[in-house]
1. Using a Förster distance of 30 angstrom, determine the FRET efficiency expected from the C-beta separation of residue B:60 and residue B:125, and round it to 0.05.
2. By how many degrees, 0 to 90 and rounded to 10, does the Cα axis of helix B:226-252 deviate from the longest principal axis of chain B?
3. Determine the dipole magnitude for chain A: charges of +1 sit on the beta-carbon of Lys and Arg, -1 on that of Asp and Glu, nothing else is charged, the reference point is the Cα centre, and the result goes in debye to the nearest 20.
4. Counting other Cβ atoms within 10 Å, keep those with at most 12, restrict to DSSP loop, and tell me which trypsin sites (Lys or Arg not before Pro) in segment A:15-68 are left.
5. Springs between alpha-carbon atoms under 10 Å, Gaussian network over chain B: tell me which of B:326, B:246, B:296 tops the mean-square fluctuations.
6. Magnitude of the Cβ-charge dipole of segment B:240-370, K/R +1 and D/E -1, about the Cα centre, nearest 20 debye?
7. Between residue A:248 and residue A:224, what is 0.36 nm times their sequence separation minus the Cα-Cα distance? Round to one decimal in nm.
8. Calculated from DSSP H runs of 4 or more alone, at -39500 (n - 2.57) each and per residue, what is the 222 nm mean residue ellipticity of chain B, nearest 500?
Amino acid sequence: MIKIDQLVVRYGDFTAVDGLSLSVRPGELFGFLGPNGAGKSTTMKVLIGILRPSSGTVEIAGYRIPEQLGKIKPIFGYVPDTENHIEEFTGRQNLELFADLYSVSRHVVDEMLLRLELDEAADVLVRGYSKGMRKKLLLARELLHSPKILYLDEPTANLDSHSTELVRRMLRSLTQSGVTVFVTTHNMEEVEEICDRVAILSHGKLIECDTPGSFVARYAEHKVVVRYEKDQQSFRETLNLAEESERTRLAELVQRGNCSGIQSRDFNFDDVFRKLTGQEFT
Amino acid sequence: MKIRPRMIRILLLRECRRLWKNPSAVMLVGLLIAISLLVATGGAEPKSEMRCWVVYWQDSDWIDQLKTRLPEREEIHIEPASRFPRAGEHLVYPKNSCAIEIRPPRVDSDAEATPVRITYRYPGKDPNVLMPYLRWFWPASIHYFGDAPPFLQQTLPIGVPLRRAVTPLENLQDSSVADLVTTEITATALLFVVQFFTCCHLLVSLTSQDRERGTLTALALTPVSIAEILTARCLFHLTISLGASSAVLAILQPSALAQPLLWIVLVLTSLGMMAIGTTIATLCRTQTTAGLLTLSYMLGVGVVFYLSTQFPAFDWVKLGMFERYSLPLVYLNLKLPLSITRAPGLIPLLLLIMTWLTVAAILFRRYGWR
């Protein structure tokens, strides 16, 4: 559905995206991750056709971007990280405008307001909405025309736990109905929970692309924190069980009988992300 | 480039709703119309017993035609010069009278006839009392002679000896500032302000706000094309501009509403203002910068116009500004009806507007909506 080949985007001398290649399958919930300044937003801008790449090709549903942007406009939706509503309009008026532009009937507007639990605030001016409501209104707007591809930039930022769950369920049900979802987020728990595949980007380059489970399996570090006492003093040591010498050290401490506690450290996707992007805390 | 009327209608509706929710913009348009009303009320000719005598020395078909086209509202009498008593070289008119004296062409020694000599005579110190009669006399003469009546004319108080007569355009160009401050110059200035506000300032304000909020990008990512966004914006601002201009004209000079050339110039100027506004909104990242640049543009026009009166080099700068052509054209059209074929500066105005529109459309397409 989305095919990126050797994408390069330069701003003057600075290369924001450097030879990125990846493909996203139809109906996939694809996570696009990277630390700040990794080139995620730049890539997203190229995908939605508002930024021209310096080189490389991008194909969405068989159409080249940005040359054939007009052809794919009706089949994609884009939820930006900053909301862009018409502040003078109510939530309903905002949705009605976009429904008209997509030639969607007005009852879809009511349906969408209901699905995203915005029906009670539908006739309130958007400037009176909370950040979470604004975010949900954005999602509602971009789902009006039943897009085949949905780009989301931080979809659950500023949402409370209930709304976050609501959005995650909605995204899952969308992918089950064949919609391709391309999402960027900094919420690693979310990535682990909802993404089918994940691409990690750093300094404009693709580091790896795989499922979250595979990432964890491949990069998980089996470490334990051991607390022990010696010469009436307390000590704390982190040992990597993947290393033979450290396994021997742990056995030695246990045999001596002066261990006051052993705690295993969970290694999740967030740790993988930090490790791969060089953001580990020492 | 596809333009679908349905999309234009939706976008126009959106702009109207947005303007309606923006009371300051609506209030400012209302204020401009209120100013026109005040000007019109303040400058209204007092109802008096004023009469106008059209005096001729030689009968002709033209005089006959003038007699058939007399207006109903004004008291105008067409009489031969022999009917009036003389005091030396001058004719003596009854009290509360003004006059349009039509002297026959002089025949030179080489038998070449000079144009008809017209003298507009007014009582006291206010030549404006002639205006209601000139609004009848000029169109009636143009109807007979065509676009450029072969006149040499001058405006003098009653009883003052004749001076060298000049052509109508020379008369306009040679007028003193006091002569120029008339309803026409006020209307020209107000129309310019209306067009600047509705087509440049308001457009910059709304477009920059859209850009800053990202609404423009959101709209552009729907099936609407950039051409449709631009067309809708153009129609929206043009409608407001022409609506407000009509109100100003209806209040200040209703007769001008029927002049096709004036409307052509107003439409062209509005388009030019929109092109400038679109360019400014495209090049500036924030609404504040765009607003400041718009005001600087307005000031810049004024400064260049002033400097051109002091330094001839600025005349060259003025050649590239469409205001150099549109302002005199509006003024001349309000003063006397011109035809499209004889409008001075219409072609350069058209070319400049086309250039600006092309530049604005290219810039907006590349950068403006992102």
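The values are calculated or read from the model by the stated rules, or taken from the named source; none is laboratory data. These figures come from a predicted structure and were not determined experimentally. Positions of Cβ are generated from backbone atoms using ideal geometry, with glycine treated the same way; all protein chains shown enter the neighbour counts. Remember, those area values only see protein heavy atoms, side chains included, never the ligands or the DNA or RNA. Shrake-Rupley method; radii C 1.70, N 1.55, O 1.52, S 1.80 Å.
1. That gives a FRET efficiency of 0.40.
2. Helix B:226-252 and the main axis of chain B meet at about 30 degrees.
3. 500 debye
4. Answer in residue order: no site qualifies.
5. Checking each option, the largest mean-square fluctuation is seen for B:296.
6. Taking the Cα centre of segment B:240-370 as origin, the dipole is about 300 debye.
7. Values: separation 24, 0.36 × 24 = 8.64 nm, distance 1.29 nm.
Working it through step by step, the gained length comes to 7.3 nm.
8. So the helix-based figure for chain B works out to -18500 deg cm²/dmol.
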